[in-house]
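**Student:** For reference, the structure I am asking about is given below.
The values are calculated or read from the model by the stated rules, or taken from the named source; none is laboratory data. It should be emphasised that the depicted structure is a prediction, and the values quoted were computed from it without experimental measurement. Cβ placement follows ideal geometry from the backbone for every residue including glycine, while neighbour counts extend to all protein chains displayed.
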Amino acid sequence: MINAVANWKLNGSASFCHDWFDEFNASFHGDPSAVAIAPPAIYIPLCNELKKNNLNICAQNLDYSTEAARTGEISLEMLKDMDCSMSIIGHSERRNIFGETSEIIRNKLEKVASHTFTSIYCIGESLAEYDSGKSLEAIKNQLDNELLALNRNIKLYIAYEPIWAIGSGKLPSTQEIESMHGFINDTISLYENINVLGILYGGSVSVGNSQELSESELIDGVLVGGASLNGKSFAKIASSFDKV
Ligand code: PGA
């Protein structure tokens, strides 16, 4: 069971990776198999060398096609070849900056479903949807268009990441997150082909709020951006969720 994922986004360098693992390894004493680090893909081999335990190295994205004429993309097979068996899929930055549609995300999930590979599938409402009381509707639409419409059985993690909470320092109350996670569980329970391994929360998770989030039975873990860039801070966050 994964309960803490570090999403480094477009941050990092070879020396950053070395420093980060020095800090993380010195501070984290929990179960590394419950933790995943998602560096930029080019640093996956280096992170695999530096990790020194069974911590998971995760991709931030993958391509689904079997065609080779897709300059700049990285396939699931290539990730597996580099000992990476997990990827974030459908992060809101992929949707909003790179134009990933529900169809593209469904293709990626279908690709993952046909392999031994784990996805951390992200969903979340915009600020306008949140402010107008349409969060449930927005989440239901994403789940219906992307998971219900899948043609395959899939086991996956879902990360609920309200777009307005990402990198903003603002996050919903724990009760709001719990009620959304309950809604996601209820919605998914009606889909026959989906097996949810856990529901993570993402968006402005920090050392200051991770303990409270970890105390909720409905929050299985966290997907962390900014606060994951410091190995020591991320070790503290991951430790809050360590149930060993
Ligand atoms: P944040 O990012 O923790 O910096 O808000 C989370 C994410 O985008 O996954």
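**Student:** Does any residue of the range 89-102 turn out to be in contact (Cβ under 8 Å) with a residue 40 or more places away in the chain and out of contact with any helix residue (DSSP H, G or I) (no Cβ under 8 Å at 6 or more places or on another chain)?
**Tutor:** Checking the range 89-102: at least one residue is in contact (Cβ under 8 Å) with a residue 40 or more places away in the chain and out of contact with any helix residue (DSSP H, G or I) (no Cβ under 8 Å at 6 or more places or on another chain).
**Student:** In this structure, is Ser33 modelled with pLDDT of 95 or more, closer than 21 Å to Ala159 by Cβ and among the hydroxyl-bearing types (Ser, Thr, Tyr)? If you could, list the steps in order and put the result at the bottom.
**Tutor:** On the way: modelled with pLDDT of 95 or more: yes; closer than 21 Å to Ala159 by Cβ: yes; among the hydroxyl-bearing types (Ser, Thr, Tyr): yes.
Spelling it out, Ser33 is indeed modelled with pLDDT of 95 or more, closer than 21 Å to Ala159 by Cβ and among the hydroxyl-bearing types (Ser, Thr, Tyr).
**Student:** Could I ask something else about it? Only residues in the range 166-177 that are under 13 Å from Tyr130 (Cα atoms) count as the first member; pair them with residues that are within 9 Å of the ligand (Cβ to nearest atom) and part of a helix (DSSP H, G or I), Cβ under 6 angstrom, at least 6 apart or cross-chain, and list the lot.
**Tutor:** Once the first residue is under 13 Å from Tyr130 (Cα atoms) and sits in the range 166-177, its partners that are within 9 Å of the ligand (Cβ to nearest atom) and part of a helix (DSSP H, G or I) give Leu171/Ala165.
**Student:** Within the range 178-196, can you find the residues that are among the hydrophobic types (A, V, I, L, M, F, W, C) and touching a residue at least 40 places away in the same chain (Cβ under 8 Å)? Please lay out each step first, then the result.
**Tutor:** Within the range 178-196, the subset among the hydrophobic types (A, V, I, L, M, F, W, C) is 180, 183-184, 188, 190, 194, 196.
Correct list: Met180, Phe183, Ile184, Ile188, Ile194, Val196.
**Student:** Oh, and also: Out of the range 61-85, which residues are more than 17 Å from Gly225 (Cα to Cα) and either within 16 Å of the ligand (Cβ to nearest atom) or not in a loop (DSSP other than H, G, I, E, B) (or both)? Even if it seems obvious, please write down each step before you answer.
**Tutor:** Let us first name the residues in the range 61-85 that are more than 17 Å from Gly225 (Cα to Cα), namely 62-85.
Within the range 61-85, Asp63, Ser75, Leu76, Glu77, Met78, Leu79, Lys80, Asp81 qualify.
**Student:** Does any residue of the range 163-183 turn out to be aromatic (Phe, Trp, Tyr) and either touching a Lys or Arg at 6+ places or on another chain (Cβ under 6 Å) or within 16 Å of the ligand (Cβ to nearest atom) (or both)?
**Tutor:** There is at least one residue in the range 163-183 that is aromatic (Phe, Trp, Tyr) and either touching a Lys or Arg at 6+ places or on another chain (Cβ under 6 Å) or within 16 Å of the ligand (Cβ to nearest atom) (or both).
**Student:** Would you confirm whether any residue within the range 17-29 is within 16 Å of the ligand (Cβ to nearest atom), closer than 23 Å to Ile163 by Cβ and surrounded by 14 or more Cβ atoms within 10 Å (Cβ to Cβ)? Even if it seems obvious, please write down each step before you answer.
**Tutor:** First pass over the range 17-29, keeping only residues within 16 Å of the ligand (Cβ to nearest atom): 20.
Those left that are additionally closer than 23 Å to Ile163 by Cβ: none.
No; the residues of the range 17-29 include none that is within 16 Å of the ligand (Cβ to nearest atom), closer than 23 Å to Ile163 by Cβ and surrounded by 14 or more Cβ atoms within 10 Å (Cβ to Cβ).
**Student:** For the subset of the range 112-137 comprising residues that are in contact with a strand residue (DSSP E or B) (Cβ under 8 Å, 6 or more places away or on another chain) and aliphatic (A, V, I, L, M), which member is nearest to the ligand (Cβ to nearest atom)?
**Tutor:** The selected residue is Ile120.
**Student:** Considering only residues of the range 66-79 that are exposed (fewer than 12 other Cβ atoms within 10 Å of the Cβ) and under 17 Å from Gly99 (Cα atoms), which is nearest to the chain's Cα centre (by Cα)?
**Tutor:** Per the stated criteria, the residue is Gly72.
**Student:** Six or more apart or on different chains, Cβ under 9 Å: which pairs go from a residue in the range 198-225 that's of a type in the set (Lys, Arg) to one that's surrounded by fewer than 22 Cβ atoms within 10 Å (Cβ to Cβ)? Could you list them?
**Tutor:** Qualifying pairs under 9 Å: none.
**Student:** Return a yes/no flag: does the range 94-102 have any residue that is modelled with pLDDT of 95 or more, buried (at least 16 other Cβ atoms within 10 Å of the Cβ) and in a loop (DSSP other than H, G, I, E, B).
**Tutor:** Yes, the range 94-102 has at least one match.
**Student:** Starting from residues that are touching a Phe, Trp or Tyr at 6+ places or on another chain (Cβ under 8 Å) and part of a helix (DSSP H, G or I), keep the ones in the range 45-60 and report whichever is farthest from Ile2 (Cα to Cα).
**Tutor:** Of everything passing the filter in the range 45-60, Leu50 is farthest from Ile2 (Cα to Cα).
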